Amino acid sequence: MNGRRIKITTTIIILIVIILSCISISTRLVFSKPSWLKPGFYIEYTLRSSSASELVIRVTREELIKAGIIHEYRIGNETLYSNVPIEKVREFIKHKFNMTLEEYLKKKRGTSLSLHINGTEELIKVKRAIKEGKLPIWTTNNTAKHYHYYSSDKYIILNATYSWRCVGFKGGLALFEVRFSGYVTGRLHPSAAYHIDCRFKVLVDPSTRKVYTLDGKYIGITPIWVEPENLRFKNRVLVVALHKNKAYGVAWDQTLVITSIGNFKAYKVIKVMGLGVDIPVICYDAKTGVLLSALVYADPVLHYFMDIQLIASFKQPMLVSKVKGIELDSCGVVDGIVLLIKDNLLPLLIAISIAVVIGVVLKVRKMKRRV
């Protein structure tokens, strides 16, 4: 009897241990929305002959005032807009024109007076306001009377790689090591090439693609992948966000992306708008939704940590050059030929039509000579 009780007790203890072990294991397992997103996932892109811009924006005067970058001053019956405090405006007018601000405004009466001093400081404030979500990159207000344009190039990318590596999960968020490494050159001194190697760690919500710094600050939405089901023909796709500034495109037909590691079936997303410069086309793997190529590229990590708003390629797009821990949608020879013909159908039809017309003309001339 005692032996039977001991067996039952032992069995219960074993069951409890198994249940507790399962619970412990389940707390460590993270089931992310993309099935391929696991520790060990790695993707690398190559960039050559590309331009990195830190600012390409259009905003209204009202948006700049709201963000605290431009001040509106009422002096008598006149209105003055400036990027510096009124005391500095008075000092500037006195020093440059040898008159008081009131005298200057009286002389300029009837004009909308805007006075910008120290443009470098203004650019710094604009970049900070965009990162903090206080200023749009490209205003949606198309009826304003006054717009302000800011454009600033950072450097030319001669040859570089840009990579994302998933190293684990933290609180349900994927922990990524992001690296940008390569040779760049300044705009003003093209011959002064130098090497940069920047590394960052960020957290990404697998379900929303939202990117956070390690201390929990939201910085945008990554374009490194989109959900494949969102790539249905003519579907509106959220491609990327730099803080609150979101860029949407339109899912289009399939295409072939030719890379150094193979040829892959992809879906095109076209007319990606919202970041100052429209992205004409960006290609995602047909099976996994992972980014394969882009002529114009932007992401929150480059924007937040490196002050790069956009990367535009001159000769060839940013292309995937290495992957680990994921199987892309490889394309066979026959499928590749079909996609190439489909992609170039209009030029092919034009070329065939021209060839047919030339052939007919030559045939008619030949027949006339015989007659």
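The values are calculated or read from the model by the stated rules, or taken from the named source; none is laboratory data. Here the structure is a predicted model, which means the values were calculated and not measured. Every residue, glycine as well, gets a Cβ built from its backbone with ideal geometry; the counts of neighbours run over all protein chains shown.
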Mind checking whether some residue in the range 112-128 is within 30 Å of Y212 (Cβ to Cβ) and touching an Asp or Glu at 6+ places or on another chain (Cβ under 9 Å)? yes
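Residues checked against (1) among the β-branched types (V, I, T); (2) assigned to a strand (DSSP E or B); (3) surrounded by fewer than 13 Cβ atoms within 10 Å (Cβ to Cβ); (4) touching a residue at least 40 places away in the same chain (Cβ under 8 Å):
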| site | (1), (2), (3), (4) |
| --- | --- |
| K125 | no, no, no, yes |
| I157 | yes, yes, no, yes |
| F176 | no, yes, no, no |
| T208 | yes, no, yes, no |
| V211 | yes, yes, no, yes |
Tally the residues that are surrounded by fewer than 17 Cβ atoms within 10 Å (Cβ to Cβ) and over 21 Å from K244 (Cβ atoms), restricting the search to the range 288-318. 3
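A quick yes/no check of all residues on (1) modelled with pLDDT of 95 or more; (2) closer than 25 Å to L242 by Cα; (3) touching a strand residue (DSSP E or B) at 6+ places or on another chain (Cβ under 6 Å); (4) outside any helix (DSSP H, G or I):
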{"residue": "I16", "(1), (2), (3), (4)": "no, no, no, no"}
{"residue": "I19", "(1), (2), (3), (4)": "no, no, no, no"}
{"residue": "S26", "(1), (2), (3), (4)": "no, no, no, no"}
{"residue": "E44", "(1), (2), (3), (4)": "yes, yes, yes, yes"}
{"residue": "S53", "(1), (2), (3), (4)": "no, yes, yes, yes"}
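Would you confirm, using the coordinates I've provided, whether I117 is surrounded by 12 or more Cβ atoms within 10 Å (Cβ to Cβ), within 30 Å of T60 (Cα to Cα) and among the hydrophobic types (A, V, I, L, M, F, W, C)?
Numbers: surrounded by 12 or more Cβ atoms within 10 Å (Cβ to Cβ): yes; within 30 Å of T60 (Cα to Cα): yes; among the hydrophobic types (A, V, I, L, M, F, W, C): yes.
In short, yes.
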How many of the residues in the range 267-293 are on the phi > 0 side of the Ramachandran plot and touching a residue at least 40 places away in the same chain (Cβ under 8 Å)? 3
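If you go through the range 127-134 one residue at a time, do you hit one that is of a type outside the set (V, I, T), in a strand (DSSP E or B) and within 17 Å of the chain's Cα centre (by Cα)? Walk me through it before giving the result.
As a first pass, look at the range 127-134 and keep what is of a type outside the set (V, I, T): 127-129, 131-134.
Of the ones still in play, those that are also in a strand (DSSP E or B) are none.
Among the residues of the range 127-134, not one is of a type outside the set (V, I, T), in a strand (DSSP E or B) and within 17 Å of the chain's Cα centre (by Cα), which makes the answer no.
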Flagged in the range 269-287 as in contact with a helix residue (DSSP H, G or I) (Cβ under 9 Å, 6 or more places away or on another chain) and either within 23 Å of I130 (Cβ to Cβ) or crowded, with 19+ Cβ neighbours inside 10 Å (or both), in numbering order, are V269, Y284, D285, A286
Boolean, F264 is in a loop (DSSP other than H, G, I, E, B), at negative phi and in contact (Cβ under 8 Å) with a residue 12 or more places away in the chain: no
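Of the residues K246, K234, which is surrounded by fewer than 21 Cβ atoms within 10 Å (Cβ to Cβ), assigned to a loop (DSSP other than H, G, I, E, B) and of a type outside the set (A, V, I, L, M, F, W, C)? Show your work before the answer.
Numbers: K246 fails: assigned to a loop (DSSP other than H, G, I, E, B).
Among K246, K234, only K234 is surrounded by fewer than 21 Cβ atoms within 10 Å (Cβ to Cβ), assigned to a loop (DSSP other than H, G, I, E, B) and of a type outside the set (A, V, I, L, M, F, W, C).
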Have a look at Y267, Y297, Y284 and point out the one that is more than 18 Å from E44 (Cα to Cα) and modelled with pLDDT of 95 or more. Y267
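So that you can scan it fast, the table gives a plain yes or no per residue for (1) assigned to a strand (DSSP E or B); (2) under 24 Å from M318 (Cα atoms):
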position: T140; (1), (2): no, no
position: Y150; (1), (2): yes, no
position: S163; (1), (2): yes, yes
position: F180; (1), (2): yes, yes
position: F200; (1), (2): yes, yes
Checking V89 against (1) at pLDDT 80 or above; (2) part of a loop (DSSP other than H, G, I, E, B); (3) under 44 Å from the mean Cα position of the chain (by Cα), only one condition comes out false. Which one? (2)
